[in-house]
Amino acid sequence: MRIETIFEMTSPCRDNFRIQGYRFGEGEKTLAIVGAMRGDEVQQQYICSQLVNRLTMMEQRGEIVRGKSILVIPSCNPFSMNVSRRFWAMDNTDINRMFPGYDQGETTQRIAAAVFSAINGFEYGIQMASYYVPGDFVPHVRMLKTGYEDVETARLFGMKYVTICQPRPFDTALLNYNWQLWDTKAFSVYAGKTDRIDRNTGNETLDAIFRMMKRTGIIHQGSLGVAYDSILIDEADLLHIKAHHAGIFCRLVDAGSRVAAGESLAHIIDPYNGQVLSDVKSAAEGTVFFAHHRPVVFQNALLFMIHVA
Amino acid sequence: MIKTIVSTELPIDEQFRIRKNVIQHGRKDGLRFCVVTGTHGDELEGQMVCYELARIATERIDLLDGTLEIYPALNPLGIDTIQRGIPNFDLDMNRIFPGDPQGTMAEQTAHAIIEDIKGADLVIDIHSSNLYLRETPQVRINVQNSEWLVPFAERLGMDFVWVHDAATVLEATLAHSLNSTGTPCLVVEMGVGQRINHKMCRRLVRGILHLMQTMGMWKDSSIDELPNPLICKGDHVTFLNAETSGVFLTELKCGVNVSKGQTIGQIVDPLCGRVLSTVSSPVDGYLFTIRAYPIVYEGSLMARIFNLPC
């Protein structure tokens, strides 16, 4: 394992900002893994720390296939995590919406450019991602539909779901989108949680990443766990359930729960008198793919996404 | 007449509302002119412009022939919490248009705004830079719409019209979404975030009334012709980014000509008392943007200069 500095810059009054990369194996650029891009992605940071830990031991045991190299960047944004801010603290810009970056541009464009320069040209790319709507997911692999998305390789993770979605204009500056356009088979892996560490979903995600590495011939061995025959879904086909009322949100089911048609998923209660304003029900039988997790909700907020089956 | 275009419950005893003031006089089937602002909660110049327009149009309603609609706060929660974006929402509101009636609350709101505004004969979308940059009064137009929109912009009395390239992410702005529906929309930038420059606001109010006058909507013969703006078409803007992190010190304001080699400011190290780098102009040109917030990182935008023809 070799540690290298991907990017470093001075700051006006803090320590230098550094992005560190961990390289394993030798030879062709096979797999790059990018961890926390935002300051609240602690689950993603945790998973990358475990990846580096395990890969270090595997390399010592000769379990990385000869001629294959792996790069792990556990954090692209340590400054924001250190001050509990999701985005770049100085101007609130999102590094993950600055790709492919510009090395003569603004600060977060330069950070994105340095990261992209380090990870460009790899055959496979994995980003430990989080979603712009707050909530919990069933761990899954997600890809933007660019025409280059590789569903068959995504299935090799053996996660329960592989999802695809149509990119909107604001998605065209995401890492996943640009990685695909530059010929890397790119996968965004959603590890269930974002701002807290869940070791169960974290370990499930780690197993999935090592499973993919084994199945694509990057490593000889791996603790593979139980694999799913992944279900491919287009996010537009998920059943979206919204809040008819605002109020205190009492969730009755978690992401991954199997629910019946008509089953109560949550109660929204009046914050003053405790009366149930809305009994949120599933309109169909299926699996809860996404569940809102903030304790209060706005009217019309997205509460659940159900995979109907 | 005050109309509510969006009304949604908030969790605790509050209604989220976006409202507009519809001022109508003369021909009911006449032209419709919309002034919108407050998409970014830290940009406040539009508040004074809306106030002045509402006051003048109400006091001198006899001069109006058509409908003036004023939307002062498209992002009321952002304005109230001194946040650029929508509280508890990741995306910039001006990157989610035309919205989605099935999406998040912010996307539903964006959809409702577009549905309400579209069909207007002209829309002015007022911005005021952000906390970090100071801008000379200017109109920004996507190159795809330049032939259509520059003639409107020339009548607004601003210093500068910047016809810029079409970036894909900008397809999700309010202006682009309206222009795509055939509703002409001009984006005005001026001043600096979280402050109101009265002089600039009065200029824009005068410019809007002048534009309305030329469209036959404002019957005030006392408004004189306004000076023509500098118009920048094509790739003629120089961006200056910080070479070092530090504290930026400058005596310059934007809206002035600068010469090649002229010092714009210095980035200094307060701990050791030394100059880390000097920001200087690489061209003869018109300085229309300058850094306002002094703390900078490598790459922070320091200035934008329109390269004046030799």
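No lab work stands behind these numbers, since they all come straight from the coordinates. Please read all numbers here as calculations on a predicted model, not as lab measurements. Every residue, glycine as well, gets a Cβ built from its backbone with ideal geometry; the counts of neighbours run over all protein chains shown.
Taking chain B as a Gaussian network, Cα atoms linked when under 10 Å apart, which of B:Thr136, B:Thr67, B:Thr168 shows the biggest mean-square fluctuation? Highest fluctuation among the options: B:Thr168. Pairs with C-alpha atoms separated by more than 22 Å, drawn from the list B:Lys3/B:Lys28; B:Lys3/B:Lys219; B:Lys3/B:Lys118; B:Lys28/B:Lys118, are B:Lys3/B:Lys219.
The alpha carbon gyration tensor of the stretch A:34-126 gives principal lengths a ≥ b ≥ c with a/c of 1.5 or higher and a/b no greater than b/c, which makes the shape oblate. Computed over Cα pairs, the Kirkwood radius of the protein assembly as shown leads via Stokes-Einstein (1.306 mPa s, 10 °C) to a diffusion coefficient of 60 µm² per second. Applied to the stretch A:27-39, the Karplus parametrisation 6.51 cos²θ - 1.76 cosθ + 1.60 on θ = phi - 60° returns per-residue 3J(HN,Hα) values of x, 4, 6, 9, 9, 10, 10, 10, x, 5, 9, 10, x Hz, with x for Gly and Pro. The GNM of chain B, with springs linking C-alpha atoms under 10 angstrom apart, assigns the highest mean-square fluctuation among B:Glu69, B:Glu43, B:Glu225 to B:Glu225. For the stretch B:179-289, what is the convex hull (Cα atoms) projected area averaged across all directions, in square nanometres? If you wrap the Cα atoms of the stretch B:179-289 in a convex hull and average its projections, you get 10.7 nm².
Cross-link partners for A:Lys68 among the lysines, with Cα-Cα distance under 28 Å and sequence neighbours closer than 8 places in the same chain left out: A:Lys29, A:Lys145, A:Lys160, A:Lys185, A:Lys214. Rounded to the nearest 10 degrees, the angle from helix A:107-119 to the longest Cα principal axis of chain A is 60 degrees. Convex hull volume of the Cα atoms of the stretch A:164-252, normalised per residue: 185 Å³. Ranking A:His240, A:Val259, A:Ser282 by how far each Cα lies toward the positive end of the dipole of the stretch A:238-308 (charges on Cβ) leaves A:His240 at the top.
Per residue, the Cα convex hull of the stretch B:2-231 amounts to 124 Å³.
Okay, helix-only estimate at 222 nm for chain A: each DSSP H run of n ≥ 4 adds -39500 (n - 2.57), divide by all residues, round to 500 deg cm²/dmol; what do you get? Computed ellipticity for chain A at 222 nm equals -6500 deg cm²/dmol.
Relative to the compact-globule estimate of 2.2 N^0.38 Å, the Cα radius of gyration of the stretch A:177-309 comes out at 1.30.
Sorted fewest first by neighbouring Cβ atoms within 10 angstrom, A:Trp179, A:Trp88 come out as A:Trp88, A:Trp179. Take the Cα radius of gyration of the stretch B:236-307 and divide it by 2.2 N^0.38 Å, N being the number of residues; the result is 1.03. GNM remark for chain B: springs join alpha carbons under 10 Å apart, and the peak mean-square fluctuation among B:Ile79, B:Ile264, B:Ile295 falls on B:Ile295. By other beta-carbon atoms within 10 Å, ranking B:Lys3, B:Lys20, A:Lys68 with the fewest at the front produces B:Lys3, A:Lys68, B:Lys20.
Per residue of peptide B:89-98, the mean number of Cβ atoms on other chains within 10 Å of the residue Cβ is 4.
Rounded to the nearest 10 degrees, the inclination of helix A:199-215 to the longest alpha-carbon principal axis of chain A is 50 degrees. The charge dipole of the protein assembly as shown, taken about its Cα centre with unit charges on the Cβ of Lys, Arg, Asp and Glu (plus for the first two, minus for the last two), comes to roughly 680 debye. Using the alpha-carbon positions of the stretch B:17-69, Rg (one decimal) and Dmax (whole number) come out as 12.1, 37 Å. So in the stretch A:116-219, what percent of DSSP beta bridges are antiparallel if you round to the nearest 5? Bridges in the stretch A:116-219 are about 20 percent antiparallel. Largest first and in whole Å, the equivalent-ellipsoid semi-axes of chain A read 34, 24, 17, each the square root of five times a Cα gyration tensor eigenvalue.
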